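Please read the structure below before turning to the comments.
The values are calculated or read from the model by the stated rules, or taken from the named source; none is laboratory data. Everything numeric here is computed off the predicted structure, so don't read it as measured data. Note that we place each Cβ from the backbone using ideal geometry, even for glycine, and neighbour counts take in every protein chain shown.
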Amino acid sequence: MNESIDFAKKYLEDILSFFGLNVEVYATTEDDEVIELSVPSTHMNGFLIGNHGDTMRSFQYLTSMALKSGEYETTRVNVDIADYKKQRAHRLEDKAQAWLEEVKKSGEEKHLPPMNSADRRTIHKLAGEYGLTTESEGAGRDRHIVLRVADDTETSED
């Protein structure tokens, strides 16, 4: 595991140095399954994050593929630049609480707008805390969550 973390950290630092950034990437693990790489805030945040996080996700993908091609033990990677994902998750949680309260009060299911897998995971987790069930529907960019009042079934995830 430590070899995977060290490689991922060095790999991302090397990519960033290509853009003239000599920053130290902070690396941790989540449940020994996902390598969490955190890039500190710089003057290039907007460029590194990209439109709706697209560039950041590309760094994540490249790092994951480099780990896979090197046949490292752990290949799942999460890259966060200037706490963009963490802040986005907090904003989403605030928005989601209104949706969850609405479903709890009305008892009617609610189809949420399409969102990426990380955002869907956040909603699945929150819904479970509210005693609601969730189900992901659709494919690709149209994949979204349906919130329902809990019955005897467990909360489902992607």
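Residue count for the range 112-148 under the criterion of being touching a residue at least 40 places away in the same chain (Cβ under 8 Å) and in a strand (DSSP E or B): the result is 2. Of a type in the set (Lys, Arg), in contact with a helix residue (DSSP H, G or I) (Cβ under 9 Å, 6 or more places away or on another chain) and modelled with pLDDT under 90: is that true of Arg88 in this structure? Against the criterion (of a type in the set (Lys, Arg), in contact with a helix residue (DSSP H, G or I) (Cβ under 9 Å, 6 or more places away or on another chain) and modelled with pLDDT under 90), Arg88 qualifies. Restricting the first member to the range 82-111 and to residues that are in contact (Cβ under 8 Å) with a residue 12 or more places away in the chain, and the second to residues that are of a type in the set (Phe, Trp, Tyr), the beta-carbon pairs closer than 7 Å and six or more apart or on different chains are Leu100/Tyr130; Lys104/Tyr130; Lys110/Trp99.
In the range 44-101, the residue that is surrounded by the most Cβ atoms within 10 Å (Cβ to Cβ) out of those that are among the aromatic types (Phe, Trp, Tyr) and either in contact with a strand residue (DSSP E or B) (Cβ under 9 Å, 6 or more places away or on another chain) or part of a helix (DSSP H, G or I) (or both) is Phe59. Count of the range 5-43 residues, restricted to those that are within 24 Å of Ala89 (Cβ to Cβ), of a type in the set (Gly, Ala, Ser) and not in a strand (DSSP E or B), is 2.
Of the candidates His111, His144, the single residue that is loosely packed, with under 15 Cβ neighbours inside 10 Å, outside the structural domain of Ile49 (by TED's automatic domain parsing) and at pLDDT 90 or above is His111. Listed conditions (1) assigned by TED's automatic domain parsing to the domain that holds Ala139; (2) in contact with a helix residue (DSSP H, G or I) (Cβ under 6 Å, 6 or more places away or on another chain); (3) surrounded by fewer than 18 Cβ atoms within 10 Å (Cβ to Cβ) are all met by Ser117, apart from (2). Within the set Ser17, Ser41, Ser58, the sole residue that is among the small types (Gly, Ala, Ser) and either on the phi > 0 side of the Ramachandran plot or within 17 Å of the chain's Cα centre (by Cα) (or both) turns out to be Ser58. Glu73 passes every criterion in (1) farther than 28 Å from Thr133 by Cβ; (2) under 19 Å from the mean Cα position of the chain (by Cα); (3) acidic (Asp, Glu) apart from (2).
All conditions in (1) closer than 29 Å to Leu21 by Cβ; (2) of a type outside the set (D, E, K, R); (3) more than 12 Å from the chain's Cα centre (by Cα) hold for Tyr130, with the sole exception of (1).
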